[in-house]
Amino acid sequence: MRTSAAWVGMLFLALYLMEDAVEPLKKMPDVKRWMQGLNNSWWGAAIGAGATVVLQSSSATVGMAIVLIGHRRKPTV
């Protein structure tokens, strides 16, 4: 039970760190202008899908590394 609580805590810590990391983007005029220029919902959906593909593949890689470390095996990369 404690292990599950620790993993959930780490998940929320990671979410907080990601939120903190992208905070400066709110103040960048170029990013604001680019986001406001996405008036076509299809472009927004396509960009969201692309970002999801990139982020999910990275998180899958990290997840596999965690499992391998948990089994005390080193990845052969």
### Query
Which residues, taken from segment 13-23, are within 20 Å of Ile47 (Cα to Cα) and not β-branched (Val, Ile, Thr)?
Met18, Glu19, Ala21, Glu23
### Task
Note down all Cβ pairs under 7 Å where the first residue falls in segment 1-29 and is assigned to a helix (DSSP H, G or I), the second is modelled with pLDDT under 85, and they're at least six residues apart or on different chains.
Leu25/Val31
#### Entry: Residue satisfying condition, being at pLDDT below 85, more than 30 Å from Gly70 (Cβ to Cβ) and either exposed (fewer than 10 other Cβ atoms within 10 Å of the Cβ) or out of contact with any Cys (no Cβ under 7 Å at 6 or more places or on another chain) (or both), within set Val22, Val31, Val53
Val31
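The values are calculated or read from the model by the stated rules, or taken from the named source; none is laboratory data. Quick caveat, the model's predicted, so the values are computed rather than measured. Please note: Cβ atoms are built from the backbone with ideal geometry, for glycine as well, and neighbour counts cover all protein chains shown.
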